[in-house]
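Student: Attaching a single structure in structure tokens format; questions to follow.
The values are calculated or read from the model by the stated rules, or taken from the named source; none is laboratory data. Treat the numbers as computed from the prediction; the structure is a model and nothing was measured. A quick note on method: Cβ atoms are made from the backbone with ideal geometry, for glycine too, and the neighbour counts reach across all protein chains shown. Only protein heavy atoms, including side chains, enter the accessible area calculation; ligands, DNA and RNA are left aside. Shrake-Rupley method; radii C 1.70, N 1.55, O 1.52, S 1.80 Å.
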Amino acid sequence: MKPLRLMSALPLLGALAACSPPAPETPVTPAVLVRSFDGAANAASVQTYTGEIRARFESELAFRVGGKMTERSVDVGALVTRGQLLARLDPQDAQLAATAARSQITAAEADAALARAELKRTEALLAKGFVSASALDTQRATLDAAEARLKQARTQAATASNQTAYTELHADSAGVITQVLAEAGQVVSAGQAVFRIARPGERELLIYVPESRIGSIETGEAVEVRPWIAQDQPSPGIVREVSPVADSATRTYGVRISLPDGDALPLGATATASFSRAQASRLVLPLSAVTRNGEQASIWLVDGESRLTPVAVDVLAFREDGAVLRDRLPEGSRVVVAGVHKLVAGAAVRPVEEGSTPALDVKR
């Protein structure tokens, strides 16, 4: 009888459950990533580039003759003095060439001495009438040719002697070795760089600027430089050189910034160069913040009540670093920068600040 009573009670329990009110659903406010813009940000314009501290004067040292390098005396970072031996080539071939050149001098001297003796005998015979004047002219020409060959042999011997001296590579100035480009046992050709040496003195910052912004940088322009090892100690810089040719690999333009107060900065250190612009700036938004409906572009703003509002904007250009807007945004604007294709106008959201400084571009 007990199982029968339980089965009869099941319909009653179902009816009671159907009469119970449903559990209330907790509303979920979606979070959106926003970037805030204020009036000061829209008015300021600073372009920052990262570069490397280099010496004002650098040179690559190379042998003036080719051969097998048998010795390397310095390493990267070595301080060298003027005339110090840096590397040496195998001198055997150069010494043999010098010996052969000296032998040529001996042979040429013998020929010249014989030609002089022959000329004297011909002059004596001509005085007695035993030879004609043409024979004397022939001997004089022979002597001139012998003396010319002697002069040539001496010049070649001097060149061969110099070649022997060129098997040693000496520092042409004091400085620090910043790069070693060849090792002992390697066969190098004449003029092939073996060392790069930086001379002491003025330092420079070498940066690379993209093609879209190189036109705004001019020689003599003031720059603020901040070394990474001392961010709180900015130093003044002046643009000394703007490369007229783009790098073949990166397609960027090298810019050298002179640092009058940067003698103490270590070579190879990293620093940033900041260019301030007085012209009116353009606001650059991330590409992910802009949507397009046909030809019209728009962005999404979060108002004071945390609700979404679409705003049409005029985009001057879509670039690799973002979309350039023609007009500024109202002060305090909060722009949604991610997931804009899923937003609905008027929806309540929970804005999450991106926390990064807006990218700005100078109006050209």
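Student: Can you tell me how many residues in region 233-252 are closer than 17 Å to residue 213 by Cβ, open to solvent by 80 Å² or more (accessible area, probe 1.4 Å) and hydrophobic (A, V, I, L, M, F, W, C)?
Tutor: Count: 1.
This table checks each residue for (1) hydrophobic (A, V, I, L, M, F, W, C); (2) crowded, with 18+ Cβ neighbours inside 10 Å; (3) in contact with a Leu (Cβ under 6 Å, 6 or more places away or on another chain); (4) outside any strand (DSSP E or B).
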site	(1), (2), (3), (4)
298	no, no, no, no
304	no, no, no, yes
312	yes, no, no, no
324	yes, yes, yes, no
327	no, no, no, yes
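Student: Also, I was wondering about something else. If you take the residues in region 174-211 that are closer than 17 Å to residue 74 by Cβ and small (Gly, Ala, Ser), which one is surrounded by the most Cβ atoms within 10 Å (Cβ to Cβ)?
Tutor: Among them, the one singled out is 175.
Student: Only residues that are over 19 Å from residue 161 (Cα atoms) and in contact (Cβ under 8 Å) with a residue 40 or more places away in the chain: list them for region 84-112, please.
Tutor: Taking region 84-112 as the starting set, the residues that turn out to be over 19 Å from residue 161 (Cα atoms) are 84, 86, 110-112.
Those that are over 19 Å from residue 161 (Cα atoms) and in contact (Cβ under 8 Å) with a residue 40 or more places away in the chain: 84, 86.
Student: Additional query: Just to be sure before I move on: is residue 265 modelled with pLDDT of 85 or more, within 19 Å of residue 201 (Cα to Cα) and either outside the structural domain of residue 212 (by the TED database) or open to solvent by less than 50 Å² (accessible area, probe 1.4 Å) (or both) in the structure I sent? Reasoning before the result, please.
Tutor: On the way: modelled with pLDDT of 85 or more: no; within 19 Å of residue 201 (Cα to Cα): yes; either outside the structural domain of residue 212 (by the TED database) or open to solvent by less than 50 Å² (accessible area, probe 1.4 Å) (or both): yes.
So residue 265 does not fit the description; no.
Student: State whether the residues of region 240-260 include one that is more than 30 Å from residue 204 (Cα to Cα), in contact with a Leu (Cβ under 7 Å, 6 or more places away or on another chain) and at pLDDT 80 or above.
Tutor: no
Student: Does residue 171 qualify as being within 43 Å of the chain's Cα centre (by Cα), of a type in the set (Gly, Ala, Ser), surrounded by 15 or more Cβ atoms within 10 Å (Cβ to Cβ) and modelled with pLDDT of 90 or more? So that I can check it myself, show each step before the final result.
Tutor: Working: within 43 Å of the chain's Cα centre (by Cα): yes; of a type in the set (Gly, Ala, Ser): yes; surrounded by 15 or more Cβ atoms within 10 Å (Cβ to Cβ): yes; modelled with pLDDT of 90 or more: yes.
Yes.
Student: If we keep just the residues of region 212-232 that are without any contact (Cβ under 8 Å) to a residue 24 or more places away in the chain and open to solvent by less than 70 Å² (accessible area, probe 1.4 Å), which is farthest from residue 270 (Cα to Cα)?
Tutor: In this case the residue turns out to be 220.
Student: Give region 61-104 a look and list any residue that's of a type outside the set (Ser, Thr, Tyr), open to solvent by 50 Å² or more (accessible area, probe 1.4 Å) and under 21 Å from residue 266 (Cβ atoms), or say none.
Tutor: The answer is 75, 76, 79.
Student: Moving on. Which pairs turn up if I take residues in region 324-335 that are within 14 Å of residue 312 (Cβ to Cβ) and look for partners that are of a type in the set (D, E, K, R) with beta carbon separation below 8 Å, at least 6 apart in sequence or on another chain?
Tutor: The qualifying pairs are 325/282; 325/314; 326/282; 326/314; 327/314; 335/35.
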